[in-house]
Every structure is written in C-alpha cells, then in structure tokens.
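**Q** Supplied in structure tokens, the structure appears directly below.
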C-alpha cells in the first residue's frame, strides 16, 4: 500500500479512490487504486513501465487501465430480448462506460434492435452439428471486432473451450437462479417445483464448469404460492436484467478481480 | 367459495377476510375464510359440526380454528441463543399470538432465559448412544405440555421418525441457508467457499428428508468478498431470527397450509 | 361476498381468484373477483347488466372488465428515455397486458424509439406561454387515440386541471423519491443533501396536489457516502423503471382501486 | 494516504484494512486505516504521539483507537423493550464489540431484563416539571459509568442541550420512519394515513434539531393496504431493532465519521 501510494505521489498523481483487501486464508493482498493524472509528471503511456520495478519488488500482478478508454464489449443473445435491450438502452443513453462493439445472435430476430441502437449485428446460427464451426466463427468475430468482454445476455448456448479459453474471466453470463441453487436447465421450473419463496438471478464469469464460475452479482425477488411458472419467468426477467447490468458495469469499471473461484468486487 | 360464504351468512357470521387459491396443475381449490362470530346465531362449539355437511358435499378437508385460542408451542434450542431469545421476547411482549408451553434444550445453558421469560424448561441431553431414549423423552415432554407446534430454534439435532411422525407439518425448522442451496452441515462455510454475494435463511416444516421439507419463509442479506465466515455467521443470525419468527407467526395465525412438498401461506 | 359468489355460480362462471378487504375505519368492503366465462350461461356483454340488481341491493360501486380486452395506454415522456424505453420493450415482448396507443412527448427525441416499437408518436412541444394550448392538444390527442390510461414515464411537466380532470385516477406518475420524502424538484439533490442511506421511487396517481396522489408502488436502493448525485440519478433510474412498470401492470390488470387518498392493490 | 502508509510501515505495523473517501464538494479527504501492532516497533501507548507530526503536516483531524478496547455504552429505553432486549442479547452473546456500562430508563419495567443481562440499571423517572433535574442526573449517571456512547433504544424523551452537548456525535437515536419522511410524533400513523407501500426506520446521531441529525443506517419493509397501524408498529419493530443494532455496531467499531450533517460509514 505504501509503495503504490509513493509511486503515485512521486509522479505527481492524485489518489481519487483506493481500496485494499486481504485474503487471510490465501495470504494474498489485493488493492485497487484510482488516481488522477491531471497534475502528473509522467505520461499515461509510461505509467505501466514506470510501475514495473515496484511490481517486481513485491511480486505483484498488475493491471493498469485508463477510465477514459472504454472497453469494447460483445453482446450475445438468443431469442429473449430483455437483457440485450436493456444493455443497449444503457449504452445508447451513455450510462454504460463501455462501447458495444457488436451484437451477435444465433437468431436473426435481434438484428432490428441492434440496428436501431447503431451496433453492428452478426448472425451466427448454430445446430448441434455445426457447433464447432460456429464457435470458430464466433471467436473470429470477437477478434475481428476487437472485443475484450463478452456478455452472454441470455445466450442459451453452452460455450466450448475454443471460446472460453480465448476470453478467460472476460465472459459474463447471467443465470436465472440464485446459484448454487438450481443449476442447469429450466431453473424457474425447478424453483416452482421446490416451492421456494424467493427467486434469484446470478451474474458470473463463464468457465468450463457450467454455472460454477466466479459469482459477480446476485439478487432475489419474493414469490408466493400464487405465482405460476410464467409469473416466475416474468418476475425473473427484471432480476436478470438488473443483475447482469450491475455485473457488466463492475467489470467495465475495472472493479472486479477473479481469485480462485471467487470475485473481489471493489466498491 | 359460494357454499362457505353461504354458511357464514346463514349463521349470522361476518366475513373479515377471505382468500382463495387454485392449484391448476393439481386441480385443488384452497380457501381460508376468517369470520367474526359476534353476531352469529351459532355457538362456537357447534361451528365444526354444522359445517360438516358442506364439507362433505364438496369433499373438503376442513380445519376450524378460533383466533383467541392461542396455540401451545415448544421451543427447542441447542447452544445458540438468538432465535430462542427472540421468540421468547416476542412472547413476553405479547406480540406472538401463541403460548410458549415449554423450552427444551439438549444443553442446560438456556435454563436462565427460559426462567427469566417465565417458561418451563426441560433439559434433555443427548449423545449418539442415547438418541432413541432422548427422542422418546422428547415426545413425552411435548405431549405432557400439550404442545401442538414444535419450533426448532437452532436445535442442532436431526430428529428421527419418532418425533417427526408425532408432529406432521407441526415442526418448523430454521436452516441457515437459502435452500435448496447449501443443504446439510456448515452452510455458511459452503457459502463462503462458493463466493456467493447473498446469504440466506429458510424456515421450513421438518420432514424425514433433511432440509427438503415445505418452505414457509426465506430471506437473504448481501455479503461481499470482505466477509469472513464469522461475518457470515453474524449476519446470518439476524436473518435466521426474523425468518423463523415470520414462519412461526404465519403458522400460529393458521395462515399456512401444506400441500405436497409446498406451502400455501395466506396473507 | 356471498352475493357475488352466488352470481357467478348462478351463471355458470368459475371463480379463478378472489380477494376481499375491509377498511374498518371507513366501514367499506372491497372485493375483486376474477372468474372464467368458458362454461358460463351468460354472454359477456350481458354480465354488467345482469349484475346490476346485486350491486343495487348492496349499494356497490362496480366495475366489470374482461382480461382479454387490453387497456389502451399513452406513454408521455420528456427527455429521459429509460422508463419509456422499458415500457415499450415490455409491450413489444408481449409482457405488458395493454396496448400502447400512442407515445407523446414535448421533445422530438423520442420519435425514434416509438417508431422502432411501432407506436404512433405525437410531438407536443410546450413553453410556459403555450401551456394551456398544449394541454388542450394533449387531451384531444388522448381522446383521439382512445386512451384510458396515461403513464407519465418521466414527463417533466406539471399537468393542469384540463388533463387531470379528464383522466381521474387514470394518470400514473413516477416520482424519483420515496414519497413523502423529497417532494418537488430535484429529489436526488435533496437526498444527497440530507445524507440518506437509501434512495427511492414512488409510482402514484397524479392529482392536483403535486406528489400527493395515491401511492401504487414504491421501492428503494442502498446508497453510501460515496455516491455522488450522478450516482444517485443512475441508481435511481433502475428503481424508477421497475416501480413504474409494476404500477402500470397492476393498473392494467385491474388490480388497483383508489379510495380516498390511498390505493388498494390486489395481489 | 502515502504519509499514513509510511507511518505504519516505519513503525513495523501491518495494514489490515484501509479505506479512503474524498468529498469533492467540500474538498476534504477522509481515511480509515486499520493496522496490526503485533510486529510493531512502537508501543501502543506511543502511537498517537508519534503520529502527531504527520497529522500536523497535513492538518489532519485524527482519532487513534484500539480494537480491543471496548467502548462503554449506555442503553436508554422507555417502555418498549424490543431494541433494548435485542442489544442486551447481542452483548450477552458476545456479538457486540462493546461494554454495556449501564441501562437507564424513565420506567422501572426494564430493571428485570437489565438484571438478567448483568447490566447495572438506573431508574430516572421524568415529568414535564422535572425534566431539567432529570437531565442533570442523566448526565451525572453517564459520567459516573464512564460512558462514551449513548444509545436511545426507543427512549421516548426529547433530550435537551445539557445532554446533547455532553455527548456530541455520541448519541444514537432510532426513529421509526424512513427519514426525512414522517418526522415527529406517531410516524406509523402518518405512514398509514399517507398510504405508503413501505415503512422504514432510521438510526441517526441525535442533535438539537429533532430527527434532523446525521443518518447512520436506514432500512424499509413492505406493507400493503391490509396493514393496520398495529401491523405497521409490529413490522416496524423488526426494522428498528436491526437498523439500530447496525448503527451501534458501526459506531463501536469506529467506522462512522460525522461531517457536517452527514455520516461517512466505512465498510
């Protein structure tokens, strides 16, 4: 903490916000320091290199990001439009500090909302037989649009290693349950079957173990014996929308860190 | 609905509150009707018998209860005092529309709070070897105190069929997770391990399938990467306390109905 | 309750859902009965007239509505697009059981989203000098599109009696605070000034007393000392969106009743 | 930030947790640094003095506290026992990192729960005529028990300057509404009258302006048209209890800072 503060001070920066966390079990120290370069005596292009000796001294893993460089994201959606429409709306209104580089879907339906929002749209249909080829095309598309965050905005396809390995801790999925309850298919049906009094939604980084990736955000809503599965699905949509948007925001503001199978989400 | 309304009308009663629910899948109609007998032309002791023909005509399962007859409950607790202390406090202050007939514990520690609250206390220690005998004593104690609802207020013993069969849908347990996530032992450890962003508590009727009984009430609280297991345990206590109290209240106000593995909780 | 149940029974209807409420202070009985006409011996067009004698006998105020007749609503918005975009999205996806008859705005900006959604758009600019004329045009537009519910989806104009009187208890406004805290202008500024730890949103029927109309729905979100006014505005948008949608849904499902300055919202 | 980190480093301390906040409007920097002295080369008794030059250099206001020195608190309550009983329970169980030095009440009723909990009890009755004398006795009692935090656990007396001035930013009150809504008397009656759909509770530092002091914690619970004033009071009790406990915990963990009429609550 001292070394980082000293680095900022030495180069004339101004700390705006800092947060530290110690994982005592693992013996790891985490830190996020946001500083202003307005009065700095160092060029922004030189910050990372100048910090290198400090990082080396403490064996730090470092990531240097600039808040005015908006991460380029891809939104992937299947048929359900609520998460996609919501994120596009946040982007259009300027709320989301990121650039929607491309909208990708296995269905053509979402072309219209993408066009309306001014985002490129790529249609990548998929069948069980064409999965491998589609995933290759998907990775190529992501690379082609220079994407650094993939958002599965209700994209109902399981991703294989070709995609997952290309974007480690850079793919955010929204699962429509309060994980780890109701993993797998049809969580609202499972929830109704079990008779829960709350339903949930979970945004997490996608990993090879389906629904097991590091959780970024979760929320719940009350339900009663009166709610049919259709009601759960409808109520769940609002949860999914808000929880996914919250997770995407945390990521593009560089407030998330993955450590093991957990996330640190700085405030 | 018409037949019940007619019954009340015919006998000069006055409906205070009524609620109906149809389980379309199962094809079952549920109804709770609360009515005032102040102007009734029937004695309260005769209501059940007078209703019998109506029930028979429609093949109803009927339960007739009087709101001024306070259910007698037993509070069972092990070492952790928060749920026990909370329920006793609600009873002392007159908030809980029930009578605490007895406090039972496998530890002697809780004798003091029971004595302070004016509730009889029975100490029933248990070891793996004495489980059967202890459960027999437990059922005898419950019968001896004329108990009709057993509340497991953080009673850390698994109950066998001797107890469960004696009180079907009359034993409420509080589990310290958002079921069905984290069944079994040490749910807060499981939660911390999984890195969830919310912890939960679930009040449910105890059944032979541990942590699988019909859910009555659930709630959650936010946690972060900063929270240690001790923090989760502490935050969880407030959840457990409030959720259990809510479930007990619903039961003693005769607002819960068990159907299959679910509950209907009338408002 | 009996008389209504008998009416349904007599005409071969089938009660799907019923809910009763007594306002003891005012001595008024409220009831909402939803019944299926599939097996009925009465034509839907005759229901209201056939019920008239029952209503007369008990001095009831009655409203007969059919769930397949979707209320026609007008969405009014100024510059901020989040509530408008959200409601249009719910309408496009079929979630909202209503018909968006027209989108009206004092700014031209919203024409695009209306066009994309397939809703007619009417631009009615207003200045302090043209208020009276604009309101006349507004009422004419509402009548012209056969509107029965007006939704002020962040429409930042105070409505005069010409509009309010034309749509009593049929205009829903979203106020960006937890009413009655922070009435009037700039509630997020007021909230930040006061240092609250929660911000809120309130959907209510618009009345002549600004921000004083009957409340339909409210919700809150946590904030901290860290949140700037911009953060409050951003977090508040999600609240406003969800709370307004919930209120509109309750209204178009005919689950709201205004009594005095309060609402009954049936479940 | 750098200077504090350097101070800790120089004296062999180990930062456990640190948090910074900048109030841009006021141009003030706030910081809370928690560090371990286990490996320190400085005695705990010398920390404050050794830090003095650093503080002087930056014009800091400094408070040095040791987490193993439990603040001595006084619990003041009138008739309603829920907040008092709850805080005493948390103290008895070891959850509250503070010492209940004394329980003070204007009614004798609370002597029993104080005695049961092992806390001294002082009965200070008050009438409109004896207010001044009672407040003098109150301050003497607080001083006599070496109290540094006064908790108004539903103490239904307005405190005068004699008490307020003796404990600036050291008196926490629980108000039974979501402030600034429903200031003054009978907030639940006001809430019912207004027809709100949520009720709230607010813990704040007591100041000369009643219900206007800096807010520490707030929470809300859903209510409906069905809830009578008695229901609001009952539901509100759980809110008051939890919100007050949360605020007291934040204070005794030295995580609150008052600045102007707001609080900074470190996480």
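Quick note: the coordinates plus some simple rules give every number you see, no bench work behind them. Please read all numbers here as calculations on a predicted model, not as lab measurements. Cβ placement follows ideal geometry from the backbone for every residue including glycine, while neighbour counts extend to all protein chains displayed.
**Q** Kindly state, as a whole number, the per residue volume in cubic angstrom of the convex hull around the alpha carbon atoms of the protein assembly as shown.
**A** Numbers: hull volume 223.6 nm³, N = 1068.
Spread over its residues, the Cα hull of the protein assembly as shown gives 209 Å³ apiece.
**Q** Moving on. Taking just the alpha carbons, could you work out the radius of gyration and Dmax for segment B:2-58, both in angstroms?
**A** Answer for segment B:2-58, Rg first and Dmax second: 12.4, 39 Å.
**Q** Still on this structure: Taking chain B as a Gaussian network, where each spring joins two C-alpha atoms under 10 Å apart, which residue of B:61, B:109, B:86 fluctuates the most?
**A** B:61
**Q** Moving on to the next point. At residue B:39, label 7 Å along Cα→Cβ: distances to the other copies, nm, ascending?
**A** 3.3, 7.9, 8.1
**Q** Before rounding to the nearest 500, sum -39500 (n - 2.57) across all DSSP H runs of length at least 4 in chain A and divide by the residue total; then give [θ] at 222 nm in deg cm²/dmol.
**A** On the way: 8 runs with 91 residues, N = 267.
Value at 222 nm, helices only: -10500 deg cm²/dmol.
**Q** Grab the eigenvalues of the alpha-carbon gyration tensor for segment C:1-143, scale each by 5, take roots, and send me the semi-axes largest first in whole angstrom.
**A** Values: eigenvalues 322, 75, 42 Å².
Over the Cα atoms of segment C:1-143, the ellipsoid semi-axes are 40, 19, 14 Å.
**Q** Let me ask something else. Just to confirm the numbers: residue D:161, label point 7 angstrom along the Cα-Cβ line, distances to the other copies in nm, shortest first?
**A** Ordered by distance, the counterparts are at 4.9, 7.7, 7.8 nm.
**Q** While we're here: Report the antiparallel proportion of the DSSP beta bridges in chain C as a percent, rounded to a multiple of 5.
**A** Values: 24 of 40 bridges.
The antiparallel proportion sits near 60 percent.
**Q** Next question, about the same structure. So what are the three principal axis dimensions of segment A:68-169 from its Cα atoms, in whole Å, longest to shortest?
**A** Principal-axis extents of the Cα atoms in segment A:68-169, largest first: 39, 28, 19 Å.
**Q** Roughly how tilted is helix B:131-144, in degrees to the nearest 10 and between 0 and 90, from the longest Cα axis of chain B?
**A** In chain B, helix B:131-144 runs at an angle near 40 degrees to the longest axis.
**Q** Using alpha carbon centroids, what distance separates segment C:90-104 and segment C:168-207, in Å?
**A** First find each Cα centre; the distance between them is then 25 Å.
**Q** Sticking with this one: For a quick protection proxy, order the peptides D:66-72, B:189-195 by their average other-Cβ count within 10 Å, most packed first.
**A** Numbers: D:66-72: 13.0, B:189-195: 18.1.
Ranked by mean Cβ neighbours within 10 Å, highest first: B:189-195, D:66-72.
**Q** May I ask you to compute the full-extension gain from residue B:37 to residue B:64, defined as 0.36 nm times their residue separation minus their alpha-carbon distance, rounded to one decimal in nm?
**A** Values: separation 27, 0.36 × 27 = 9.72 nm, distance 1.28 nm.
Computed gain between residue B:37 and residue B:64 is 8.4 nm.
**Q** Residue of D with Cβ nearest the axis relating D to B, plus distance in whole Å?
**A** That would be D:116, 2.
**Q** Something else: Quick one: divide the alpha-carbon radius of gyration of segment D:212-267 by 2.2 N^0.38 Å and tell me what you get. Intermediate values should be presented prior to the final figure.
**A** Numbers: Rg = 14.2 Å, N = 56, 2.2 N^0.38 = 10.2 Å.
Relative to the 2.2 N^0.38 Å estimate, segment D:212-267 comes out at 1.39.
**Q** Give the average, rounded to an integer, of partner chain Cβ atoms located within 10 angstrom of each Cβ in B:37-48.
**A** Values: counts 0, 0, 0, 0, 0, 0, 0, 0, 0, 0, 0, 0.
For peptide B:37-48, the averaged partner shielding equals 0.
**Q** Please compute, for peptide C:9-19, the average count of beta-carbon atoms on other protein chains lying within 10 Å of each residue's beta-carbon. Let's see the in-between values first.
**A** Working: counts 4, 1, 0, 0, 0, 1, 5, 3, 5, 7, 6.
The per-residue average across the peptide is 3.
**Q** Looking at segment D:170-267, I'd like the Rg to Rh ratio, where Rg is from alpha-carbon atoms and Rh is Kirkwood's inverse mean 1/r. All intermediate terms of the calculation are to be shown ahead of the outcome.
**A** Numbers: Rg = 13.6 Å, Rh = 13.6 Å.
Rounded to two decimals, Rg/Rh equals 1.00.
**Q** Turning to a different aspect of this structure: How long are the semi-axes of the equivalent ellipsoid of segment B:116-175, taking √(5λ) for every eigenvalue λ of the Cα gyration tensor, in whole Å from largest down?
**A** Equivalent-ellipsoid dimensions as semi-axes: 17, 15, 13 Å.
**Q** If the viscosity is 1.306 mPa s and the temperature 10 °C, what translational diffusion coefficient in µm²/s does Stokes-Einstein give for segment D:79-138 when Rh comes from Kirkwood over Cα pairs? Present the calculation step by step, with values, prior to reporting the outcome.
**A** Values: Rh = 12.3 Å.
D = 129 µm²/s.
**Q** Taking only the alpha-carbon positions of segment A:112-256 and ignoring solvent, what does the Debye formula give for the base-10 log of I(q)/I(0) at q = 0.13, 0.18 Å⁻¹?
**A** -0.64, -1.11
**Q** Helix C:82-92 sits at what angle to the longest principal axis of chain C, using alpha carbons and giving 0 to 90 degrees rounded to 10?
**A** The two axes meet at around 40 degrees.
**Q** Quick one: Debye curve from the C-alpha atoms of chain A, no solvent, what's log10 I(q)/I(0) at q = 0.09, 0.12, 0.13 Å⁻¹?
**A** -0.48, -0.81, -0.93
**Q** Further, regarding this structure: Starting from a label point 7 Å past Cα on the Cβ side, list the distances from residue C:62 to the same position in the other copies, nm, shortest first.
**A** 3.0, 7.9, 8.1
**Q** Which residue, D:138, D:124, D:16, has the most motion in a Gaussian network model of chain D that connects Cα atoms within less than 10 Å?
**A** Judging by the Gaussian network model, the answer is D:16.
**Q** A further question on this structure: Taking Cα atoms, how many degrees apart are the long axis of helix D:229-252 and the longest axis of chain D, rounded to 10 and kept between 0 and 90?
**A** For helix D:229-252, the angle is close to 20 degrees.
**Q** Here is a follow-up. With all distinct Cα pairs included, what does the Kirkwood hydrodynamic radius of segment B:180-220 come out to in Å, to one decimal, could you say? Don't skip to the answer; put the middle values down first.
**A** Numbers: mean 1/r = 0.0911 Å⁻¹.
Result for segment B:180-220, one decimal place: 11.0 Å.
**Q** Would you mind giving the mean number of other chain beta-carbons within 10 Å of the Cβ of each residue in D:193-204, as a whole number? Could you put the intermediate results ahead of the total?
**A** Numbers: counts 3, 7, 13, 9, 16, 9, 0, 6, 0, 3, 1, 2.
Taking all residues of D:193-204 together, the mean is 6.
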